[in-house]
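The values are calculated or read from the model by the stated rules, or taken from the named source; none is laboratory data. Everything numeric here is computed off the predicted structure, so don't read it as measured data. Backbone-built Cβ (ideal geometry, glycine too); neighbour counts: all protein chains shown.
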Amino acid sequence: MVSTSSIPGFRPVPKTGVIYVMTEAAKHGFSYDAPDWANLGQGSPETGSLPGAPNRISQVSIDPGAHRYAAVPGEIALRQKVADFYNHFFRQGKTSQYTYKNVSIASGGRAALTRLAATLGNINMGHFLPDYTAYEELLSVFKAFIPIPILLDTGSNYHIPLAKLRDEILGRGLRAILLSNPCNPTGQYLAGEKLKAWVDVARDTSCTIIWDEFYSHFVYDDVLTQSGQRMISATEFVDDVNTDPVIVVDGLTKNWRYPGWRISWTLGPASVIELIASAGSFLDGGANHPFQNEALRLLEPDFAVQETRAIQRHFSAKRQFVLDRLAELNIGVDAKPGGTFYVWADLSKLPPPLNDGVRFFEEGLKEHVITVPGVFFDVNPDRRRRQRRYQHYCRISFGPEMKKLALGLNAIERVIAKFA
């Protein structure tokens, strides 16, 4: 095969952290049906039945009309269903309500974020370190805006004080900020009054905040919406849905555990949604039509509540299991994850070379366990910085089934024993 670097006109395109580790694992014999492998690097939750959850969808009926292209911004019925979902859980009693005009449907989270990135102007765009690996290339490929990193440190449990946030926005002239909430990989999140304060700052400083809320139902502490459910969303604190600079991206991938459906949505002011639709018309052409019809029932409030409660019970138990085992293995955790299904693991107390996330990953492959090195979460668009942070960290997922978690942690124990 001829390398693309020798073909005129192309540039090297790096793989995201998860794709890189999966590619390397495949070279060592990994496959998804291999019983002796544990993928603790996976970025998706287990997709089978859970105790107390609604029955999983096993069949999809396709209306002949759905063989046609869907509308680029999504089918109106699903767009309105998404709007109704947020109005029900986060905006009861508020004068300003979302409608279908505030919603755009896309083929998964990356497609939704790509549409957004394509609509941004010549601005300074803030992003946090560490954060989701796929942001790196997203912030690199579009040249209209300049990505500005904001470092979070362990001393503050990977949170930024509100006064510093305001200083970053005003001092660096930020017109937009992108972040995941809860955060991938640290599992920290903003909720309640702290989340409200961020929305207030966005409004007061005229800085749009783009909230990646794909893990917003994977929260394990006492955070309740006004409807009494343990979910989080910045939409709860929006005053006017068409003027407040708040954009939310979510979908079926994590919170409903249907990653293969590739259905996501963007929620925001109607004027922004129009721009996103224009971008979608040349970027991707619109989301899968048949699955948009099927998604309607998943957004029924009773269905979502049942699924969310089952997720939280099940994944909370898995979280504790992983944290307990990591403590036994002398792997540190700076801040207990309050959300997501990831542990941001500190390897610094392990013997060399295991105190390096890349070497830890490589040694793990020999025992058939996959992790993601921490350096991938040091979002570094265009490789502007020479040195990368988080060499002593890795992300360990408790997304897989419990038996795979046990298999993977036993494998990590064997890796460590080799260098003891």
Worksheet item: Hey, any hits in the stretch 275-288 for a residue that's crowded, with 19+ Cβ neighbours inside 10 Å, touching a Leu at 6+ places or on another chain (Cβ under 6 Å) and not aromatic (F, W, Y)?
Response: no
Item to complete: Look at the stretch 1-55 and say how many of its residues are under 30 Å from T308 (Cβ atoms), touching a Gly at 6+ places or on another chain (Cβ under 9 Å) and in a helix (DSSP H, G or I).
Response: 4
Discussion item. As an exercise: evaluate P353 against (1) within 20 Å of Y158 (Cα to Cα); (2) of a type outside the set (D, E, K, R); (3) assigned to a loop (DSSP other than H, G, I, E, B) and give the number of the one condition it does not meet.
Written reply: (1)
Practice prompt. State which residue is surrounded by the fewest Cβ atoms within 10 Å (Cβ to Cβ) when the search covers only the stretch 249-274 and only residues that are farther than 20 Å from A117 by Cβ and of a type outside the set (S, T, N, Q).
Written response: G260
Worksheet item: Looking at W211, is it under 22 Å from the mean Cα position of the chain (by Cα), crowded, with 21+ Cβ neighbours inside 10 Å, under 29 Å from G93 (Cα atoms) and of a type in the set (F, W, Y)?
Response: yes
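Considering each residue of the stretch 98-127, count those that are assigned to a helix (DSSP H, G or I), farther than 19 Å from N288 by Cβ and touching a Gly at 6+ places or on another chain (Cβ under 8 Å), and give that number.
As a first pass, look at the stretch 98-127 and keep what is assigned to a helix (DSSP H, G or I): 100-102, 109-119.
Next, from what is left, pick out any that are farther than 19 Å from N288 by Cβ: 101-102, 116-119.
From the residues that got through so far, the ones that are touching a Gly at 6+ places or on another chain (Cβ under 8 Å) too are 102.
Result for the stretch 98-127: 1.
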Worksheet, complete the sentence: Within the stretch 298-335, the residues that are at pLDDT 95 or above and of a type in the set (K, R) are K318, R319, R325
Worksheet item: So which of D382, D334, D378 ends up being within 30 Å of N124 (Cβ to Cβ), in contact (Cβ under 8 Å) with a residue 60 or more places away in the chain, out of contact with any Phe, Trp or Tyr (no Cβ under 9 Å at 6 or more places or on another chain) and assigned by TED's automatic domain parsing to the domain that holds G43?
Response: D382
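Determine which member of the set G364, G399 is surrounded by 15 or more Cβ atoms within 10 Å (Cβ to Cβ) and part of a loop (DSSP other than H, G, I, E, B). Please lay out each step first, then the result.
Working: G364 fails: part of a loop (DSSP other than H, G, I, E, B).
Of the residues listed, the single one that is surrounded by 15 or more Cβ atoms within 10 Å (Cβ to Cβ) and part of a loop (DSSP other than H, G, I, E, B) is G399.
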